[in-house]
Amino acid sequence: MPWIHYHVSDNGKAKACCIANIPFGNVNEDSFENIWNGKPIQELRTKFLKGEKDNRCAGCYKLEAAGGKSIRQETFEKFPEIQPTEIEVKEKPIYFDIRFSNICNFRCRTCWHGASSKWFADAKALERNVSEKAIIQNITDFKKFITETGEALLRAKEIYFAGGEPLVTEEHYLLLDWLIKNEVTNVHLRYSTNFSLLKFKNYEVLEYWKQFDKVEVMASIDAVEQLGEYIRKEFNWTQFLKNREAIRELSKVAFKLSPTVSILNMKQLPEVYKTGLELNLIEPIDFYINILERPFYYNIKAFPKEQKQEIESVFKDFFTWAKLNSVPQEVIQSFQECLDFMNHENLSEKHWPQFLKQTKVLDNLRSEQFTDLKKVN
């Protein structure tokens, strides 16, 4: 990642990736070159070239040890031609992850104010707000950002948009306008999106996507119907289905379901996949799983033993069904990785009571009740 990747998030900090808190500088204060070949990133490159691990990368190492696939491993698979050898890199990054702000129109249970402006009121009521304003602007001057980063963006192979929510972020569209103007339409655009709105202000995202060679939409849906609407507050199952129909004519747009696996939806994961196939939302291979690590009280390792046994039974039935229905081995393996991760460690003693407590607190705040859905017990 330090040889190919440029990630911007919290208040303009450029970091090693979206998981590890390894800052290289700040795009609002530092030049691109000072970030890309400055002392912090060169120290990390030196460590990696020696084959040494960095403790700040624990998220990937722990996920791999528990049987999951990490972003570290995915990046090796995605860019196998890259063979890092130098500490100072003359080539520009080719893989970008730019989070312009925390602007979002959802209040997902597993999210927080730092990644969702919509979370602000709830976060303030719970005294968890990280700013006195709902919107946290990571990149304060778009034109300056383009001036500094534009030369690198012109040779980008992939640009990943996540949230906040990219489809309701104006800078996302400004960047697409800039790419089109500079005839950089062969870049792979990849999205992690709640896929709730295809029109924002005067922007119609489908008209933009038509102009690019490759667009990948990973729709963040954790469950179907009522449970899905509970986990991702403001999610509307009916509108989601309509939006899916709206992009069928775009042959260059690949569509995937991309659930974040937590205590809230682990047991329903097979149902999400089956529904995706039954409603022709996805092809059998188009299922991308994110295993949640934090908050720990949503981590599937925190299930009590009895809950884990019930889930294992549900997954056993799914594996039988999957083989009979020729589900791709890659998808079956991703489900197995969830089970392996769940059973790798027992966090129930500390974090299951906290899950029940936190769920009740948020339920009271939102006038909801998780147990009404009959999905936990």
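The values are calculated or read from the model by the stated rules, or taken from the named source; none is laboratory data. Bear in mind the structure is a predicted one, so any value in this text is a computation, not a measurement. Cβ sites come from the backbone with ideal geometry, for glycine too, and all protein chains shown count toward neighbours. Only protein heavy atoms, including side chains, enter the accessible area calculation; ligands, DNA and RNA are left aside. Shrake-Rupley method; radii C 1.70, N 1.55, O 1.52, S 1.80 Å.
Under the condition of being over 24 Å from Ile139 (Cα atoms) and either touching a Cys at 6+ places or on another chain (Cβ under 6 Å) or free of Cβ contacts under 8 Å to residues at least 24 places away in the same chain (or both), the residues counted in the range 1-57 number 7. Given the criteria over 24 Å from Ala162 (Cα atoms) and either small (Gly, Ala, Ser) or open to solvent by 60 Å² or more (accessible area, probe 1.4 Å) (or both), does Ser251 qualify? Taking the combined requirement at face value, the residue does not satisfy it.
If you go through the range 135-152 and keep only what is aliphatic (A, V, I, L, M) and more than 21 Å from the chain's Cα centre (by Cα), you end up with Ile146, Ala152.
Restricting attention to the range 288-331 and to residues that are of a type in the set (Ser, Thr, Tyr) and farther than 22 Å from Gly114 by Cβ, the residue that is most open to solvent (accessible area, probe 1.4 Å) turns out to be Ser326.
Report yes if Arg244 is open to solvent by 50 Å² or more (accessible area, probe 1.4 Å) and charged (D, E, K, R), otherwise no. Considered against the rule, which asks whether it is open to solvent by 50 Å² or more (accessible area, probe 1.4 Å) and charged (D, E, K, R), Arg244 comes out as no. One residue stands out in the range 2-16 among those that are within 16 Å of the chain's Cα centre (by Cα) and at pLDDT below 95: the one that is farthest from Glu88 (Cα to Cα), namely Asp10. All of (1) at pLDDT below 95; (2) open to solvent by 20 Å² or more (accessible area, probe 1.4 Å) hold for Ala125 with one exception: (1).
For the range 323-345, the tally of residues that are more than 18 Å from Asn290 (Cβ to Cβ), of a type in the set (A, V, I, L, M, F, W, C) and touching a residue at least 12 places away in the same chain (Cβ under 8 Å) stands at 1.
Gly67 - would you say it is farther than 18 Å from Trp3 by Cβ and more than 15 Å from the chain's Cα centre (by Cα)? Criteria met by Gly67. Comparison of Ala58, Ala14, Ala20, Ala66 shows that the only residue that is under 22 Å from Ile146 (Cβ atoms) and not hydroxyl-bearing (Ser, Thr, Tyr) is Ala14.
Across the range 177-199, not a single residue is classified as open to solvent by less than 20 Å² (accessible area, probe 1.4 Å), modelled with pLDDT under 95 and under 17 Å from Ser116 (Cα atoms). For beta carbons closer than 8 Å, sequence separation of 6+ or different chains, a first residue in the range 183-205 that is farther than 27 Å from Gly150 by Cβ and touching a residue at least 60 places away in the same chain (Cβ under 8 Å) and a second that is surrounded by 20 or more Cβ atoms within 10 Å (Cβ to Cβ) and basic (Lys, Arg), the qualifying pairs are Asn194/Arg232.
For the range 132-158, residues that are crowded, with 18+ Cβ neighbours inside 10 Å, assigned to a helix (DSSP H, G or I) and among the β-branched types (Val, Ile, Thr) total 1. Picking from residues in the range 277-322 that are under 18 Å from the mean Cα position of the chain (by Cα) and without any contact (Cβ under 8 Å) to a residue 40 or more places away in the chain, the one that is farthest from Glu349 (Cα to Cα) is Asp286.
Of all residues in the range 78-89, those that are free of Cβ contacts under 8 Å to residues at least 60 places away in the same chain have Cβ atoms under 6 Å from Cβ atoms of residues that are open to solvent by less than 70 Å² (accessible area, probe 1.4 Å) and hydroxyl-bearing (Ser, Thr, Tyr), 6 or more apart or on another chain, in Ile87/Thr46. Every condition in (1) crowded, with 17+ Cβ neighbours inside 10 Å; (2) modelled with pLDDT under 95; (3) farther than 26 Å from Thr260 by Cα; (4) of a type in the set (A, V, I, L, M, F, W, C) is met by Ala66 except one, and the failing one is (3). For the range 78-105, the tally of residues that are open to solvent by 60 Å² or more (accessible area, probe 1.4 Å) and not in a loop (DSSP other than H, G, I, E, B) stands at 1. Quick check, is Gly228 crowded, with 19+ Cβ neighbours inside 10 Å, at pLDDT below 95 and within 23 Å of the chain's Cα centre (by Cα)? No: the conditions fail for Gly228. Looking only at residues of the range 270-285 that are open to solvent by less than 40 Å² (accessible area, probe 1.4 Å) and touching a Leu at 6+ places or on another chain (Cβ under 7 Å), we find that the one that is farthest from Phe341 (Cα to Cα) is Leu281.
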